[in-house]
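Data first, discussion second: the structure below is written as structure tokens.
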Amino acid sequence: MSLAFAEARAAASRGEVPVGAVVVGPGGTVLARAGNRTEELHDPSAHAEMLALREAVRVRGGQRLADCALYVTLEPCPMCAGAAVHFRIGRILFGAYDPKGGGVEHGPRLFARPGCLHRPETIGGLREREAQAMLRAFFGARRMS
Ligand SMILES: [Zn+2]
């Protein structure tokens, strides 16, 4: 989770919304780490989770990450939660809850829907205050500038 926070802080320093994600394989091997790059890549789908999941399968080969965990500083949005289903990620551990934009515990609650092809184990609220404070600081600074 510390690596995910480091990626989020690096994203903020690039002027991106501070969200960081890390994919960890069996035995704790870090397969991929990424921060948001939507501004830099001019790609609204370049969320930290999407980049980290894609990189993890690229590094490993194959398409599935059932024995892997995704650590992310913010509750994944519906797009990233949907991607996590396609990648068959085993576990998702996230920091701050996102009542407005989240898709796991809020909004569509993707994994709870009947017919969901794969339900990753999810744990939310990891270092939640720290994750919230980072987002608040970023958006607060942007409002003032
Ligand atoms: Zn997302």
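Key figures for this structure:
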{"quantity": "One residue from Gly62, Gly82 being away from the ligand (no atom under 14 Å from the Cβ), small (Gly, Ala, Ser) and either closer than 24 Å to Gly25 by Cβ or not in a loop (DSSP other than H, G, I, E, B) (or both)", "calculated": "Gly62"}
{"quantity": "Scope region 106-125; condition within 14 Å of the ligand (Cβ to nearest atom) and assigned to a loop (DSSP other than H, G, I, E, B); matching residues", "calculated": "His106, Gly107, Pro108"}
{"quantity": "Test result for Pro114, exposed (fewer than 14 other Cβ atoms within 10 Å of the Cβ) and either under 17 Å from Ala48 (Cβ atoms) or over 14 Å from the mean Cα position of the chain (by Cα) (or both)", "calculated": "yes"}
{"quantity": "So Arg109, is it among the charged types (D, E, K, R), surrounded by 12 or more Cβ atoms within 10 Å (Cβ to Cβ), over 23 Å from Ser2 (Cβ atoms) and at pLDDT below 95", "calculated": "no"}
{"quantity": "Extreme residue, farthest from the ligand (Cβ to nearest atom), among residues of region 30-59 that are part of a loop (DSSP other than H, G, I, E, B) and either among the small types (Gly, Ala, Ser) or surrounded by fewer than 21 Cβ atoms within 10 Å (Cβ to Cβ) (or both)", "calculated": "His42"}
{"quantity": "Residue, surrounded by the most Cβ atoms within 10 Å (Cβ to Cβ), within region 85-105, restricted to residues that are charged (D, E, K, R) and within 13 Å of the ligand (Cβ to nearest atom)", "calculated": "Asp98"}
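The values are calculated or read from the model by the stated rules, or taken from the named source; none is laboratory data. All values derive from a computational prediction rather than experimental measurement. Backbone-built Cβ (ideal geometry, glycine too); neighbour counts: all protein chains shown.
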